[in-house]
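Worksheet for the structure shown next.
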């Protein structure tokens, strides 16, 4: 048997997309006639966990050893999306139309340790005209430079299967990780990627098994986007940036960014010796901060795109100023990412002042955004 | 130092650190598209160039927008070396 919907699914990519998962969600949302720039618009925020040195936007970036998340963890970012807790497909009792929350787009995350069950569901979805967003280990993806070299969880969209030739039709357009594939791959290889234990590079015992993780996007006929919900994205962003709401138990916003800057300066004053093979500390600058700052830079760009999408609801001068501030902020987050990387490469904290200078400029730009939101929202009441 | 010497040294660094097509590095080819110089490799490249020429890149310049080709890096280094010389004189 074979079937495919390959020609119908948009090959989405935007450089401001959150991650490879969202890049696949966006392709399927477009296929469903929904606008990913609205549906996947996450709130503007900044989080900092001082105890563990983790940062993030609407959740903290940290090492995960599982692909399963709780409902609370999954629902901190998006106004228009509901993600139930990850469940085992075989034991899930929900209706297969998958809609738990009628006024939001539902993204159901399934794991399934029986590859035959996972494959049967994949076929069923494609036969019903639904592309399958699935996680894989890049180690088994022959089109990627990580093939047979490095493990890492990644997300692709499968649009067809061909049992005569034992292959899947799929695409991976997440160019931020050098992915640009659109074609067929042997089923055996993709399936290996789907069931991989996905060992992590630090320590032989650490792994993040993929467990055939896949996502199904469902939306009720009653779902709609109204102006109140659109404005609520601004309201919630203002609330978080102004430090008026805790997320997952953590305070957010500009004050936390300032606290983060101060702690960076303290680290410098502590004269941490990065050359003394302090691998954890070097890793923190070179990889963790570099990647996290880039993620935040993309969030600022994404939020700017969202503001432009809803510009008919906002004063023109506010749209212009907010977008300029976000553009500038995003640029400084990018530069900060490269400074952190440089500090890690050189194993030197000498650039801390430069880094903090850019973070302070970010805080100045984003304070202006918060002020504009505050003024606008106060006039709505 | 002559401009062409700087360009040659930058080409050599790109040739060492680039991820593909490293045999014939051209001055005006896009570093990302032509040689696989992603954002991480770009910073590694700039750190190496700092060491080779004894200069420091301004932190605000650490972006693709500023350095997308060998020529853009070589021009920066050339100007930096000359500016520093003028400063000393």
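For the reader, a short list of remarks on this structure follows.
- Within the option set B:65, B:51, B:44, being surrounded by fewer than 16 Cβ atoms within 10 Å (Cβ to Cβ) and either more than 9 Å from every other protein chain (Cβ to nearest Cβ) or not in a loop (DSSP other than H, G, I, E, B) (or both) holds for one residue only, B:51.
- Of the residues making up segment B:19-29, those that are surrounded by fewer than 14 Cβ atoms within 10 Å (Cβ to Cβ) and within 14 Å of another protein chain (Cβ to nearest Cβ) number 2.
- Residue within segment A:200-210 that is in a helix (DSSP H, G or I) and crowded, with 21+ Cβ neighbours inside 10 Å present: no
- Criterion applied to A:331, A:308 was being out of contact with any strand residue (DSSP E or B) (no Cβ under 6 Å at 6 or more places or on another chain), within 14 Å of another protein chain (Cβ to nearest Cβ) and either part of a helix (DSSP H, G or I) or crowded, with 22+ Cβ neighbours inside 10 Å (or both), and the one residue passing it is A:331.
- Answer from A:144, A:151 - the residue that is touching a helix residue (DSSP H, G or I) at 6+ places or on another chain (Cβ under 6 Å), under 19 Å from residue A:213 (Cβ atoms), touching a residue at least 40 places away in the same chain (Cβ under 8 Å) and outside any strand (DSSP E or B): A:151
- Breaking point among (1) more than 14 Å from chain B (Cβ to nearest Cβ); (2) touching a residue at least 12 places away in the same chain (Cβ under 8 Å); (3) closer than 28 Å to residue A:72 by Cα, for residue A:288: (1)
- Selection count where residues are buried (at least 19 other Cβ atoms within 10 Å of the Cβ) and in a strand (DSSP E or B), scope segment A:5-59: 5
Per-residue answers, yes or no, for (1) touching a strand residue (DSSP E or B) at 6+ places or on another chain (Cβ under 9 Å); (2) over 23 Å from residue A:6 (Cβ atoms); (3) outside the structural domain of residue A:212 (by TED's automatic domain parsing):
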site: A:123; (1), (2), (3): yes, no, no
site: A:134; (1), (2), (3): yes, no, no
site: A:145; (1), (2), (3): no, yes, no
site: A:151; (1), (2), (3): yes, yes, no
site: A:155; (1), (2), (3): yes, no, no
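- Leading residue by the ranking (surrounded by the fewest Cβ atoms within 10 Å (Cβ to Cβ)) among those in segment A:334-354 that are in a helix (DSSP H, G or I) and more than 8 Å from chain B (Cβ to nearest Cβ): A:353
- Qualifying residue in segment A:246-253 (condition: surrounded by 18 or more Cβ atoms within 10 Å (Cβ to Cβ), in contact with a strand residue (DSSP E or B) (Cβ under 9 Å, 6 or more places away or on another chain), on the phi > 0 side of the Ramachandran plot and not in a helix (DSSP H, G or I)): yes
- Of all the numbered requirements in (1) in a helix (DSSP H, G or I); (2) touching a strand residue (DSSP E or B) at 6+ places or on another chain (Cβ under 6 Å), residue A:117 misses one, and that requirement is (2).
- Residue within segment B:10-18 that is surrounded by 14 or more Cβ atoms within 10 Å (Cβ to Cβ), within 13 Å of chain A (Cβ to nearest Cβ), out of contact with any helix residue (DSSP H, G or I) (no Cβ under 6 Å at 6 or more places or on another chain) and without any contact (Cβ under 8 Å) to a residue 24 or more places away in the chain present: no
The values are calculated or read from the model by the stated rules, or taken from the named source; none is laboratory data. What you see is a predicted model; the values in this text were computed from it and never measured. Backbone-built Cβ (ideal geometry, glycine too); neighbour counts: all protein chains shown.
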